[in-house]
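The values are calculated or read from the model by the stated rules, or taken from the named source; none is laboratory data. None of the values given here were measured: they were computed from a predicted structure. Here the Cβ positions follow ideal geometry from the backbone for every residue, glycine too, while neighbour counts run over all protein chains shown. Quick note on the areas: whole protein, heavy atoms, side chains included, nothing else; ligands and nucleic acids left out. Shrake-Rupley method; radii C 1.70, N 1.55, O 1.52, S 1.80 Å.
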Amino acid sequence: MNKTPLARYPNLRLRRPRAFSWSRELYAEHHLRPQDLIWAVILKNGNGVREPIAAMPGVCRLSVDQAVLAAKEAVGLGIPALALFPYTDTKDRSPNGDEALNADNLMCRAARAIKDAVPDIGLMADVALDPYTDHGHDGILKDGEIINDRTVELLVQQAVAEAKAGFDIIAPSDMMDGRVGAIRAGLDAAGSENVQIMAYAAKYASAFYGPYREAIGSAGILKGDKRTYQMDPRNSDEAIREVALDLAEGADCVMVKPGMPYLDIIRRVKDEFGAPTFAFQVSGEYAMIKAAAQNDWIDGDRAMMESLIAFKRAGANGVISYFAADAAKALQG
Ligand code: PBG
């Protein structure tokens with residue numbers, strides 16, 4: 001495409017099309033729809049529970065019955081899928097995160113209940129051990145090191161249990177090497193060949209996950225940081241290698257995470273592979289917008305919509321977001 005304007009001022013006035021709302025609609029290059037959103041939902045044990053998360057104003061931990069209501073609401077709003085994450089009490093955590101493999105754990109019970117009541121919603125499951133380990137890491141911790149291959153074996157079992165419970169998309173967020181291929185083989189062997197994999201392919205070691213750690217009960221307990229497995233924020237070529245590997249191992253789609261600080265990575269990944277590419281607008285991004293809005297420092301609704309269209313503009317097919325329901329409501333007017 002020749003990007004040199006054919007005409008110049010005063011014949012060409014780029015303000016001309018911006019003058020009216022109807023005209024701005026015609027000229028709009030990108031569009032956000034409720035169908036572009038995956039709603040991130042935090043689960044908690046119990047019944048009738050809607051427990052506010054201090055660092056994420058407007059987001060509550062939901063018991064299974066409340067998550068079913070959220071799923072119904074999502075369908076009504078045109079949101080195609082929910083991404084579920086479990087809060088786990090310290091007492092239910094263990095060194096190896098055994099609860100991850102329990103076919104009757106909170107995630108699996110929620111999937112069964114939601115699929116029972118709302119069969120048409122897509123359900124995405126995070127695969128990683130961090131909600132279940134007593135040290136808050138995503139894998140098996142041995143002598144201060146996260147053991148890759150043993151962790152992958154457990155992740156495969158976790159993924160198989162989640163798929164059996166009714167999850168449609170398995171989303172490994174652990175950043176172990178080789179996990180996508182292993183999970184694909186495990187799902188196929190278990191008869192879940194139609195369950196998709198969304199790889200957290202380019203996932204960075206980020207400060208923006210802070211509120212999430214509170215949300216799932218990992219905040220106080222994480223020992224050290226996740227830099228030996230999550231990516232270095234200084235790197236971009238490495239993201240391309242990560243995505244190439246995950247696609248080669250059979251990922252149906254890939255994700256970049258966090259979202260807004262990594263829009264350049266979304267664009268590069270989309271241009272390089274043309275594969276379905278999703279952004280995760282993580283807890284810290286949500287919290288920043290909410291906190292500033294609560295202080296009347298920014299217009300929260302406008303900042304929400306502007307942050308979401310940025311992902312579409314960068315090339316993302318869709319966005320995982322805690323804002324999904326609010327944004328879908330705003331889009332419905
Ligand atoms: C765990 C996981 C994290 C998030 C999703 N899955 C946190 C982490 O890696 O420490 C972050 C989500 C968010 O911040 O909203 N593997």
Scan of the range 212-237 for residues that are under 11 Å from Ser283 (Cβ atoms) and open to solvent by less than 20 Å² (accessible area, probe 1.4 Å), ordered by number: Ala215, Ile216
Pairs, first touching a residue at least 60 places away in the same chain (Cβ under 8 Å) in the range 288-299, second in a loop (DSSP other than H, G, I, E, B) and open to solvent by less than 40 Å² (accessible area, probe 1.4 Å), C-beta under 6 Å, six or more apart: Lys290/Pro57
Test set (1) at pLDDT below 95; (2) on the phi > 0 side of the Ramachandran plot - Asp296 fails condition number: (1)
Failed criterion for Lys312 (all others in (1) in contact (Cβ under 8 Å) with a residue 24 or more places away in the chain; (2) surrounded by fewer than 19 Cβ atoms within 10 Å (Cβ to Cβ) hold): (2)
Single match in Ala244, Ala205 (criterion: touching a strand residue (DSSP E or B) at 6+ places or on another chain (Cβ under 8 Å), open to solvent by 20 Å² or more (accessible area, probe 1.4 Å) and of a type in the set (Gly, Ala, Ser)): Ala205
